[in-house]
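Let me begin by presenting the structure, written as structure tokens, before commenting on it.
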Amino acid sequence: MYFSPMYFVFAMPALLLALYAQWRVRSTYSKYAQVASANGFTGAEVARRLLDAAGLYNVQIERIPGELTDHYDPRSKVLRLSDSNYASYSVAAIGVTAHEVGHAIQDATAYAPMRVRGALVPVAGIGSNLGYFLFMIGFFIASFQLATLGLILFSAAALFAAVTLPVEFNASNRAMTLLSDNGLLTQEDFGMARKVLDAAALTYVAGLAQALSQVLYFAFMLSGMRRRDD
């Protein structure tokens with residue numbers, strides 16, 4: 001496989017950001033997972049209260065294994081909470097739970113960026129794999145057209161990561177508004193839950209940075225091909 005030292009110029013900053021984001025979300029979550037919220041509700045109880053307050057009585061809540069595996073499934077209308085949050089009374093669990101409820105509300109209100117992200121899932125999956133394959137073949141056989149097609153397809157992953165940002169930021173903002181409007185956190189707990197969600201948001205920023213760094217590196221390789229052809 002072709003390798004250029006220039007790869008580090010493009011990839012290293014994004015990689016360092018990703019490592020920092022992973023460390024921050026883990027350390028912040030671990031810290032506030034040890035702090036019990038003043039309301040005395042578990043993550044599952046908070047989820048049910050917030051969903052009902054939003055009129056989403058049809059959304060079910062399920063417990064799933066793992067830590068920070070929480071997610072909302074728009075296809076089955078199910079909010080799934082991880083073992084670490086489902087029965088936890090912690091501020092971290094409540095923050096994460098409210099964030100997933102935010103996604104459920106996005107789905108119910110047809111939030112446009114969420115719709116776009118959903119439509120991009122298969123495109124990004126195929127594009128990131130097929131695009132990489134086509135680009136490398138095009139590069140090695142010196143086919144500028146094939147490599148360009150591969151780059152365009154591969155860029156779908158970066159587009160998906162870009163669309164993900166407003167979806168996740170909006171879900172977090174909805175979460176904090178929901179918690180405040182329903183009086184489920186004290187002012188002190190509110191600030192701690194905000195820190196958990198801010199740390200989680202950084203992982204999506206890092207994901208976009210990594211996707212863009214790969215696209216830019218491929219574009220750099222492509223420009224080198226064009227210069228050789230001229």
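Derivation of every value follows stated rules applied to the coordinates shown; laboratory data play no part. Everything numeric here is computed off the predicted structure, so don't read it as measured data. Note that we place each Cβ from the backbone using ideal geometry, even for glycine, and neighbour counts take in every protein chain shown.
Computed on the chain, with alpha-carbon pairs under 8 angstrom and 6+ residues apart, the relative contact order is 26 percent.
Counted by neighbouring Cβ atoms within 10 Å, the residues Glu67, Glu45, Glu168 run from fewest to most as Glu67, Glu45, Glu168.
Within 10 Å of each residue's Cβ, count the other Cβ atoms and sort Ile105, Ile64 from fewest upward.
Placing the least packed residue first, the sequence is Ile64, Ile105.
With the simple model of a label 7 Å out from the Cα in the direction of the Cβ, Leu16 to Arg115 spans 4.2 nm. Within the stretch 42-64, list the residues whose amide N lies under 14 Å from a label point set 7 Å along Cα→Cβ of Val78. Residues 59-64 fall inside that zone.
For the chain, the antiparallel share of DSSP beta bridges with both residues in that region comes to about 45%. Going 7 Å from the Cα of Leu68 toward and past its Cβ, which residues in the stretch 34-53 have a backbone nitrogen under 14 Å from where you end up? Answer for the stretch 34-53: 34. Put in line by how crowded their Cβ is, counting other Cβ atoms within 10 Å and starting with the fewest, Ile141, Ile152 read Ile141, Ile152. Which whole-number percent of Cα pairs in the stretch 6-229 have a distance greater than 29 Å? When all Cα pairs of the stretch 6-229 are counted, 36 percent exceed 29 Å.
Within the chain, the selection of entire DSSP H helices by a Cα span of 18 Å or greater along the long axis and an average Kyte-Doolittle value of at least 1.0 returns 112-140, 144-181. Full extension of the chain between Ala36 and Asp181 gives 50.2 nm of extra length, using 0.36 nm per residue less the Cα-Cα distance.
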